[in-house]
């Protein structure tokens, strides 16, 4: 399949033009025009690029790419070496950041909400995490409140990662919001929406105090761990819907 066919299809599928994103979404580096094998992962790295070279992949698709607006320039020596390897080996790099967070079937957040809602009898999944005219997260409500400890056990199993619980006075929760990655900045929105628990990837130092003062529990489940979901589902989509060999590689990151 042609690279531009794949990119055009994914751009439309993920509605990448809807998002005001710091990341350059879509094709970041053009390689071979014909694509047979795609390697997917959460973040671009020398380890990932080397694997693509050694195993003859034509393209790489990631959640976190090389180019992030003005902060990407001038190229530092790390990104210069990454770009050099991609160009020398004619390997394409495609990235989808916020569009992959937000997608209702292939994203990082809606599928996680559905998993929780299914486990604990929840309903009313709706958008959460406002960025401009778009939403990147999701929230839902349980029919019956559960103990925060039970929600934490579920998060540890689902994300396969330790959970840092920044707790407030609420010991039972009914309304849950999920924003993967660096989603602790949505605590005030969670408070205004009467959310009892905000599940995200990582917290800032001040998140502990805000959790107490907004009276919203926060689970920090790992930035990487919460953002494996979407790219794995996208890889499966490429295999099953576009009939392209696509392989997800897990490069564990404790953060």
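We did not get these values from a lab; they are worked out from the coordinates using the rules stated. Small disclaimer: the values here were computed from a predicted structure and weren't measured. Counting neighbours? That spans all protein chains shown, and the Cβs are built from the backbone with ideal geometry, glycine included.
May I ask you to order 70-77, 154-161 by the average number of other C-beta atoms within 10 Å around their residues, highest value first?
Taking the mean over residues of other Cβ atoms within 10 Å, the ranking is 154-161, 70-77.
What ranking do 119, 55 get, fewest neighbouring Cβ atoms within 10 angstrom at the top? If you can, show how the numbers build up before the last one.
On the way: 119 15, 55 11.
Fewest-to-most ranking of 119, 55: 55, 119.
With each label point set 7 Å from Cα along the Cα-Cβ vector, what nm distance links residue 209 and residue 121?
Inter-label distance under the simple model: 4.1 nm.
At what distance in angstrom do the alpha carbon centres of the range 233-255 and the range 59-114 lie from each other?
14 Å
Among 255, 44, 148, 216, which comes first, then next, by fewest other beta-carbon atoms within 10 Å?
Details: 255 8, 44 24, 148 18, 216 27.
The order, fewest Cβ neighbours first, is 255, 148, 44, 216.
Out of all DSSP beta bridges in the range 109-226, what portion is antiparallel? Express it as a percent rounded to 5. Intermediate values should be presented prior to the final figure.
Numbers: 16 of 24 bridges.
Within the range 109-226, antiparallel bridges account for around 65 percent of the total.
Going by average Cβ neighbours within 10 Å, how do the peptides 165-176, 198-209 rank, with the highest at the top?
Details: 165-176: 16.8, 198-209: 19.0.
Most protected by this proxy first, the peptides run 198-209, 165-176.
Angle, helix 110-120 long axis vs. longest principal axis of the chain, Cα atoms, 0 to 90°, nearest 10?
Between helix and principal axis, roughly 40 degrees.
For the range 1-91, rounded, prolate or oblate, judged on the Cα gyration tensor with a ≥ b ≥ c (square roots of eigenvalues), a/c < 1.5 rounded, else prolate if a/b > b/c? Could the numbers behind the result be given before it?
Numbers: a/c = 1.87, a/b = 1.04, b/c = 1.79.
Verdict is oblate for the range 1-91.
Hey, for a label at residue 78 modelled as a point 7 Å past Cα toward Cβ, could you say which residues of the range 221-255 have their backbone N under 18 Å away?
223-225, 251-255
In which sequence would 101, 11 go, from the one with the fewest C-beta neighbours within 10 Å to the one with the most?
Details: 101 30, 11 17.
Going from least to most buried by this count: 11, 101.
Just order 220-229, 1-10 by mean Cβ neighbour count inside 10 Å, highest at the front, would you?
Details: 220-229: 24.6, 1-10: 15.9.
In descending order of packing, they fall as 220-229, 1-10.
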